[in-house]
2 protein chains.
Amino acid sequence: MAEAEKLVGAVGPACPTLTAVVAHRPLNGHGVQLRDGLLCTWQRRNRTASLPLALRQLESAGNLNNLRLAISGVNGGYQGPAFMDSDIYKTLEAISWELGRTADSDLAEFAAETTALLAKAQLDDGYLNSCIQVTGRRRYARLESSHELYCAGHLIQAAIAAGRSYDGGALLSVARRFADHLVSTFLGGQGGLDGHPVVESALVELYRQTGTRAYLQLASQFVEGRGYGRIGDSGLGIRYLQDSQPIRELAALAGHAVRALYLESGVVDVATETGDERLLASSISRWDDMVSTKTTLTGSSGSRHSGEAFGDAFELPPDRAYNETCAAIASFQWSWRLLLATGDPKYADLMERVLYNGFGAAVSADGRRFSYVNPLQRRGDHFENDDPGSRREWFSCACCPPNIMRLIASLDHYVATTAEDALYLHLLTPSRISARLAGADLSVEVATDYPWDGRVRVGVRSAPMTDCGLAVRIPAWSREQSVRLNGEHIEGAANRAGYLLLRREWHPGDMLEIGLDVQPRFTYPNRRIDALRGTVALERGPLVYCFEQADQPTGMSIEDLAVNPGVIAERPTSIPDVGPTVVLEADAVHLSPTEPEGLPYLAHPDAGTDDHRATAVAVPYFQWDNRDGRAMRIWMPVRAPTVRPSPRTRPPWGWARSPQDAK
Amino acid sequence: MAEAEKLVGAVGPACPTLTAVVAHRPLNGHGVQLRDGLLCTWQRRNRTASLPLALRQLESAGNLNNLRLAISGVNGGYQGPAFMDSDIYKTLEAISWELGRTADSDLAEFAAETTALLAKAQLDDGYLNSCIQVTGRRRYARLESSHELYCAGHLIQAAIAAGRSYDGGALLSVARRFADHLVSTFLGGQGGLDGHPVVESALVELYRQTGTRAYLQLASQFVEGRGYGRIGDSGLGIRYLQDSQPIRELAALAGHAVRALYLESGVVDVATETGDERLLASSISRWDDMVSTKTTLTGSSGSRHSGEAFGDAFELPPDRAYNETCAAIASFQWSWRLLLATGDPKYADLMERVLYNGFGAAVSADGRRFSYVNPLQRRGDHFENDDPGSRREWFSCACCPPNIMRLIASLDHYVATTAEDALYLHLLTPSRISARLAGADLSVEVATDYPWDGRVRVGVRSAPMTDCGLAVRIPAWSREQSVRLNGEHIEGAANRAGYLLLRREWHPGDMLEIGLDVQPRFTYPNRRIDALRGTVALERGPLVYCFEQADQPTGMSIEDLAVNPGVIAERPTSIPDVGPTVVLEADAVHLSPTEPEGLPYLAHPDAGTDDHRATAVAVPYFQWDNRDGRAMRIWMPVRAPTVRPSPRTRPPWGWARSPQDAK
């Protein structure tokens, strides 16, 4: 590969080469600065609350000590599961993205010290894995469960983040030595298939970063090598390990959700770098299948506790939804790659749904507790083994917390792309965005209170002296919208979702104003989702809402509420321990509590008996579980008999909530 | 304990002593002979198909070889999970009950040879566990997971079955030596709490069989010792092991279902033998809680795959119902003990529901395949790990198949009891039953085609020369029934469930005729069961029905059917590979298949669009999965909008199906 093909100044986690077959490209350079807004707040919380906690946990849980044992050559004393190193790598990746934006001496010091530890622990031939080195187990002997290449993949991803953000090359050098070792060990053979994918996309990214084509070849080999039952059995079968069918023949995701989803990022990366349209098409068809049959309203997937796995089609139980946080992250990363490959807004729509709901709920409001499992319902008496099901500081299997941190730290890289001399805005959040278009910079400032408010103002700060495009994603949930350019309504944009693309010669001071329809709305499940029959959920803009016991009047159990779909009231407020929010209120009936005697099965339909009218109060799902740990549900029974709600009267479009902002 | 208190000629698996505080007593001697009928057919199938298969599997899976290794003193080579011995013991128990009824040289030879192996493998101090002996692990060092006392419990139960059925004492002697060793090791200490209960009820039964009070004391210690977190952690927490709360304070079953349910048999056994009413009351209140909030329509419990555990209250998903077969067996055994303790017919009602549904479905029609998990729904694309979810010959964890065999082999012992000079019939099945009442034998012959037919004729063959009682259980599902004695209607019996008790001086030739209402009926879930909202099931007599894809017309997916509750047609028939049955047919609509694009969530309720009227065909659940392995559901969507079905016209009571049988 010619040097010219390498990306210079790439900053995001996934930066296709110039020869890659992609429709969109991430921004070069420091293209996006988040400014205030919810996502910016999340990044600040990540840096000030979450990452310091991770640093303490990596010490107390033994991850760092495992490295020290490896350095000292001691045999024995290893702590934790086999993939403890990966928690360190994910944390380093998060720190790298942070340091690319903001100086932080504590984080920088940790990164430098830990990088030095890793360099010392690495063996002469490039191999590095504290578990294998400290326990004395044989390398690559149990790849179905040893996570050796999984850890290598996270090391590579961390090193790329460091290399693209702040690092002079120390961590990247460790990663390249390991990657070169992997190439010399596995390239051309049939082995090297790790039970847990992630190394595939990491190797492609390392190829993108360095131009070394062998990394891409090895990634391709790993992707194509699965599906022949060669990996072995970790106890949960070959579907669990994505080894039941060759990837090109696989119609639907199955098995362990995080593994399946990480693998798809690798599939798309290989497909776009090699221009393999059939391989890309197979991944797209699995994405479509996942979204239409195996995805929750919160954008999450992997519904089964058993095997942390995808369930059957339409197996989407709210209470037993496993929805591992890492699966939400992996899904987000996969969708991003498909968005780059195709430019289809459906991928950005899912990313947004995941981000603000399934993923957003994985962190407490204070950034100090994390969830591994993200159900859509928690009963008041809930226990999972000995765990009542609230967020925790850390886990014995701590894959999720540092994974959350690395995604939040890198969120700015997912905000915008370019395609054909146009700047595309995918995530609508307060930000300054600059992109090189038509030989000059198009710089815009996005002002919005999104996701709370549907108004998005994109002001041009500087622009090329020629035509170029500016595109804003209109989310599919917005049923109609107003679009004004410099105060003039743009007709024809009102009922179209997707990218609203305007091509013109832009001038500083140009103002594009989008008004999305964030009116609260009722959402119903497809009839094939058995577990949700007869229920309804509330959404507002990109946010899925939930009913927490904490918000209902004393004595009114959410298990005895049935919602009457009609007008929904909204109330901006700030809730102690939760923060600023918009609360929704829906008409409901409180049903007489049931006290079953004998079997809970009856000779007549049981929709409950109305006790009194009530108001059911909902908060955004991403803000749940910051108070009392009591019951929650997203999907509420519809007050029976089920009737189609009469078409509700909608106010004419306008800035009803804050008239002073309207022009 | 005085010798007089011991039971002589006790034959069943649970025979309280004469001083036990119980309302009912099992029949002494060979009190029940099953004659033809469904249960008798099951026993024959068990002897001719299932048990020979078990004998082969115990050889090929290595269970017997483990014993041989233990005898030879070889260290290493042990095969299978730690509790492989228990599969042998359950098989021996099944064989014992069989040999108590029917001579079978193959089974007798296996029992004799295996008993000899066990006697040889047993160590001098009475200890016996092939896993510990062959692996060289330390005894009792990991009781939270080693299953040593669990295996001991099953040995004792097998030995008691042998002692009560045919054995001269060889197996009982092995069991007593082990039990004596347990007493000397654990009685008076705080240890000896096995992660998996079963030894508790086994020790009580050994006390009942031998009169050795130390066994009862040790059982009591084991029951009372749980709940203080002393057992340790097998990885799934202390709830999993029933170690989170002292048994007297425990309000609801939690954790691993089989463990929790086996423990309850021990609790009731200890409570009845010691006359401890508070201990008994605590078990009863947990039974009530389980039945009203954690039991499926099929009588099964333990809904969670994760941890094979009880879920939260009303967490009863049909598709993900775990419903382990062993849990159904354990529930049956617990209910039987509560029935003996209290005489309350609700326990017999649940036993019947379990027997014909949740348990009955665990065996294929040919008796050669068994299910471990018993869901109430299987989608067409179902996979659980690599398993499409059909019955199998055996399992790597093979607890269920031999457990099924021991219950079926002992079914005759659960048919009847005596209480206060009355004979109580609990399971209505063709049989000859004799009981010692008022100093003489009351012998009856039960003629019925139950569960297919609701007519039950109880003819007196011989009777004491004085008043005594004859009681027949009227199941709670029978909404009205006719009762005739010697052709005369007995008024007032029509609307009462429970035991219909007639006290009189009976004479040979007396004929009591009960006509139960086995008309097919619709059953609806309590509104608190979220996973079943908007659905309806079909039952007929004690049988729960299910809709299998195999019975619907080609091209009509059961996922596109919605049932219109109205008249149900019934059709007696015989289905190849299934056997004699009564098929039910319900009005339904076939809905237009959905092809979701994008997320399966909509802005309006989705009850589906009627395509055409259809007839949905159902077979008894216990007969499912004998054909093509395709989709099945018990709970079908009610055609929306949900309306209360108009009161259906019921034919006047009569013998409509076979008029020639009516008087």
(request) Could you grab me the full set of residues in region B:240-253 that are more than 19 Å from B:SER335 (Cβ to Cβ) and buried (at least 22 other Cβ atoms within 10 Å of the Cβ)? (result) B:TYR240, B:LEU241, B:ASP243
(request) Search region B:407-424 for residues that are within 11 Å of B:LEU355 (Cβ to Cβ) and pair each with any residue that is assigned to a helix (DSSP H, G or I) and aromatic (Phe, Trp, Tyr) when their beta-carbon atoms are under 8 Å apart and the residues are at least 6 apart or on different chains. (result) B:LEU407/B:PHE332; B:LEU407/B:PHE359; B:ILE408/B:TRP42; B:LEU411/B:TRP42; B:TYR414/B:PHE332; B:TYR414/B:TRP336
(message) in contact with a strand residue (DSSP E or B) (Cβ under 9 Å, 6 or more places away or on another chain), over 30 Å from B:ALA631 (Cα atoms) and in a loop (DSSP other than H, G, I, E, B): is that true of A:ALA365 in this structure?
(response) yes
(request) List every residue pair whose Cβ atoms lie under 8 Å apart, where the two residues are 6 or more positions apart in sequence or sit on different chains, the first residue falls within region B:364-388 and is away from chain A (no Cβ under 13 Å), and the second residue, located anywhere, is part of a loop (DSSP other than H, G, I, E, B) and among the basic types (Lys, Arg). (result) B:SER364/B:ARG391; B:ARG369/B:ARG391; B:PHE370/B:ARG391; B:SER371/B:ARG391
(message) Just checking, does region A:256-274 include any residue being within 11 Å of chain B (Cβ to nearest Cβ), part of a loop (DSSP other than H, G, I, E, B), in contact (Cβ under 8 Å) with a residue 12 or more places away in the chain and crowded, with 24+ Cβ neighbours inside 10 Å?
(response) no
(message) Can you say whether A:SER285 is within 13 Å of the chain's Cα centre (by Cα), more than 8 Å from chain B (Cβ to nearest Cβ) and assigned to a helix (DSSP H, G or I), as far as the supplied structure shows?
(response) no
(message) I need the full set of residues from region B:304-319 which are surrounded by 24 or more Cβ atoms within 10 Å (Cβ to Cβ) and over 17 Å from A:PHE383 (Cα atoms), in order please.
(response) B:PRO318
(message) Looking at region B:499-513, I want the residues that are of a type in the set (Lys, Arg) and have a partner that is surrounded by fewer than 16 Cβ atoms within 10 Å (Cβ to Cβ) with Cβ atoms under 8 Å, at least 6 apart or on another chain. Which pairs are those?
(response) B:ARG503/B:ASP467; B:ARG504/B:ASP467
(message) Suppose we filter A:HIS147, A:HIS196, A:HIS181 for residues that are more than 29 Å from the chain's Cα centre (by Cα), of a type outside the set (A, V, I, L, M, F, W, C) and modelled with pLDDT of 95 or more; which single one remains?
(response) A:HIS181
(request) For region B:557-608, name all the residues that are assigned to a loop (DSSP other than H, G, I, E, B) and either away from chain A (no Cβ under 14 Å) or among the acidic types (Asp, Glu) (or both). (result) B:PRO576, B:ASP577, B:VAL578, B:GLU595, B:GLU597, B:ASP606
(message) Could you list, ordered by first residue, the pairs with Cβ atoms under 9 Å in which the first is in region B:236-248 and at the interface with another protein chain (Cβ under 7 Å from one of its Cβ atoms) and among the aromatic types (Phe, Trp, Tyr) and the second is crowded, with 22+ Cβ neighbours inside 10 Å and assigned to a loop (DSSP other than H, G, I, E, B), at least 6 apart or interchain?
(response) B:TYR240/B:GLY195; B:TYR240/B:ALA254; B:TYR240/B:GLY255
(request) Residues being crowded, with 20+ Cβ neighbours inside 10 Å and either at pLDDT below 80 or of a type in the set (S, T, N, Q) (or both): count how many of those fall in region B:18-50. (result) 3
(request) For region B:184-223, enumerate the residues that are surrounded by fewer than 24 Cβ atoms within 10 Å (Cβ to Cβ), free of Cβ contacts under 8 Å to residues at least 40 places away in the same chain and not in a loop (DSSP other than H, G, I, E, B). (result) B:SER184, B:PHE186, B:ALA214, B:GLN217, B:GLN221
(request) List the number of the failed condition for A:ILE404; all other conditions in (1) surrounded by 19 or more Cβ atoms within 10 Å (Cβ to Cβ); (2) assigned to a strand (DSSP E or B) hold. (result) (2)
(request) Could you list all residues from region B:488-521 that are in a loop (DSSP other than H, G, I, E, B) and of a type in the set (Lys, Arg)? (result) B:ARG496
(request) Please state which of the following conditions A:LEU516 fails to meet, knowing it meets all the rest: (1) buried (at least 22 other Cβ atoms within 10 Å of the Cβ); (2) within 14 Å of another protein chain (Cβ to nearest Cβ); (3) not small (Gly, Ala, Ser). (result) (2)
(message) Show the residue pairs meeting these rules: Cβ distance below 8 Å; 6+ apart or different chains; first residue within region B:581-597 and more than 10 Å from B:VAL617 (Cα to Cα) and touching a residue at least 12 places away in the same chain (Cβ under 8 Å); second residue surrounded by 18 or more Cβ atoms within 10 Å (Cβ to Cβ) and among the basic types (Lys, Arg).
(response) B:VAL582/B:ARG540; B:VAL589/B:ARG639; B:LEU591/A:ARG527; B:THR594/A:ARG527; B:THR594/A:ARG528
(message) Against the condition surrounded by 13 or more Cβ atoms within 10 Å (Cβ to Cβ), modelled with pLDDT under 95 and more than 14 Å from chain B (Cβ to nearest Cβ), how does A:TRP624 come out, does it pass?
(response) no
(request) Could you tell me whether region B:68-78 includes any residue that is within 19 Å of B:PHE395 (Cα to Cα) and over 26 Å from the mean Cα position of the chain (by Cα)? (result) yes
(request) For A:LEU279, indicate whether it is surrounded by fewer than 24 Cβ atoms within 10 Å (Cβ to Cβ) and either within 21 Å of A:GLU205 (Cα to Cα) or over 16 Å from the mean Cα position of the chain (by Cα) (or both). (result) yes
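I need a count of the residues in region A:538-551 that are part of a strand (DSSP E or B) and either within 13 Å of chain B (Cβ to nearest Cβ) or not charged (D, E, K, R) (or both).
Total meeting the criteria: 7.
I'd like the full set of residues that are charged (D, E, K, R), touching a strand residue (DSSP E or B) at 6+ places or on another chain (Cβ under 8 Å) and part of a loop (DSSP other than H, G, I, E, B), limited to region B:28-71.
B:ARG35
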(message) Suppose we filter region A:134-171 for residues that are assigned to a helix (DSSP H, G or I) and either over 22 Å from A:ILE404 (Cα atoms) or touching a strand residue (DSSP E or B) at 6+ places or on another chain (Cβ under 7 Å) (or both); how many remain?
(response) 8
(message) Looking at B:ARG248, B:ARG259, B:ARG230 in this structure, which one is farther than 28 Å from B:PRO26 by Cα and either touching an Asp or Glu at 6+ places or on another chain (Cβ under 8 Å) or modelled with pLDDT of 95 or more (or both)?
(response) B:ARG230
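Anything in region B:609-621 that is surrounded by fewer than 21 Cβ atoms within 10 Å (Cβ to Cβ) and in a strand (DSSP E or B)? List them, or say none.
B:ASP610, B:ASP611, B:HIS612, B:ARG613, B:THR615
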(message) Is it the case, given these coordinates, that B:LEU123 is within 29 Å of the chain's Cα centre (by Cα) and at pLDDT 95 or above?
(response) no
(message) Going through B:THR535, B:THR554, B:THR523 one at a time, which residue ends up being facing chain A (nearest Cβ under 9 Å) and surrounded by fewer than 24 Cβ atoms within 10 Å (Cβ to Cβ)?
(response) B:THR523
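The values are calculated or read from the model by the stated rules, or taken from the named source; none is laboratory data. Please read all numbers here as calculations on a predicted model, not as lab measurements. Every residue, glycine among them, receives a Cβ derived from its backbone with ideal geometry; neighbour counts consider all protein chains shown.
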